[in-house]
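Working notes, beginning with the structure itself.
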Amino acid sequence: MNLMTKLNDEQGRLAALHRYNILDTGHEERFDRITKVVEMALRCPITAISLVDADRQWFKSRQGLDVDETARDISFCTHTIKNAKPMIVEDAWLDSRFSKNPLVTGNPNIRSYIGVPLLTPGGFNIGSLCAIDTTPREFDDESIELLSQLAQLVIHELELRKNAPS
């Protein structure tokens, strides 16, 4: 099965997500440390490890957000997991996919977004590591590479957590 097939396999993607047995678990320092590094390095007020379930995106870790989840149908991360490469939105007000999104027109007032898919060893995108700003901005190659490397670290930590003895 090639990557494009897996990106379109929602049932397989959800099964891969649920194998991690991580949804609705408490905060863990190893994941919070990653979102804090993203916040500091990219100087974004909002960062998150978002896991995209059937009807919601749930945040395993978040900085600058007061909610644990949002509806999947309004999440930027739902768009991120449809591709193999990072998704960048420089100005959500000017992007037809998001200009009327309640996360743009209201709290948390998203204007720019960068998300890197969390790609499992089996080839499924289960969520994203993302950084969000309340002002329009461009993300340079260094920022994209940093986020990509840290997304791989998120998957590594998920694998370690999954394989740890109970």
>> I'd like to check which helices (runs of 4 or more DSSP H) are fully inside the range 1-47 and have at least 1 residues that are within 30 Å of residue 136 (Cβ to Cβ) and modelled with pLDDT of 95 or more.
In response: 29-42
>> Can you find a residue that is closer than 21 Å to residue 121 by Cα, crowded, with 21+ Cβ neighbours inside 10 Å and of a type in the set (Ser, Thr, Tyr) anywhere in the range 14-36?
In response: no
> Out of the residues in the range 124-149 that are in contact with a Leu (Cβ under 6 Å, 6 or more places away or on another chain) and more than 11 Å from residue 86 (Cβ to Cβ), which is surrounded by the most Cβ atoms within 10 Å (Cβ to Cβ)?
Replying inline: 127
>> Being among the aliphatic types (A, V, I, L, M), touching a residue at least 60 places away in the same chain (Cβ under 8 Å) and in contact with a strand residue (DSSP E or B) (Cβ under 8 Å, 6 or more places away or on another chain): is that true of residue 37 here?
In response: no
> Pick from the range 93-123 the residues that are small (Gly, Ala, Ser), in contact with a helix residue (DSSP H, G or I) (Cβ under 6 Å, 6 or more places away or on another chain) and modelled with pLDDT of 95 or more: which of them is surrounded by the most Cβ atoms within 10 Å (Cβ to Cβ)?
Replying inline: 115
> Does residue 116 satisfy being without any contact (Cβ under 8 Å) to a residue 40 or more places away in the chain and either closer than 21 Å to residue 159 by Cα or assigned to a loop (DSSP other than H, G, I, E, B) (or both)?
Replying inline: yes
> Mind checking whether some residue in the range 65-87 is touching a residue at least 24 places away in the same chain (Cβ under 8 Å), touching an Asp or Glu at 6+ places or on another chain (Cβ under 8 Å) and not in a loop (DSSP other than H, G, I, E, B)?
Replying inline: no
> Would the range 44-60 turn up any residue that is free of Cβ contacts under 8 Å to residues at least 12 places away in the same chain and loosely packed, with under 13 Cβ neighbours inside 10 Å?
Replying inline: no
> If a residue has to be assigned to a helix (DSSP H, G or I) and out of contact with any Gly (no Cβ under 9 Å at 6 or more places or on another chain) to count, how many in the range 129-150 make the cut?
Replying inline: 9
> Hey, any hits in the range 54-61 for a residue that's farther than 22 Å from residue 162 by Cβ, of a type in the set (A, V, I, L, M, F, W, C) and assigned to a loop (DSSP other than H, G, I, E, B)?
Replying inline: no
> Are there any pairs, at least 6 apart or on different chains, whose C-beta atoms fall under 8 Å, with the first in the range 138-162 and within 13 Å of residue 121 (Cα to Cα) and the second part of a helix (DSSP H, G or I), and if so, which?
Replying inline: 153/34; 154/31; 154/34; 157/30; 157/31; 157/34; 162/19
> Does residue 126 count as assigned to a strand (DSSP E or B), modelled with pLDDT of 95 or more and touching a Phe, Trp or Tyr at 6+ places or on another chain (Cβ under 6 Å)?
Replying inline: no
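The values are calculated or read from the model by the stated rules, or taken from the named source; none is laboratory data. Quick caveat, the model's predicted, so the values are computed rather than measured. Positions of Cβ are generated from backbone atoms using ideal geometry, with glycine treated the same way; all protein chains shown enter the neighbour counts.
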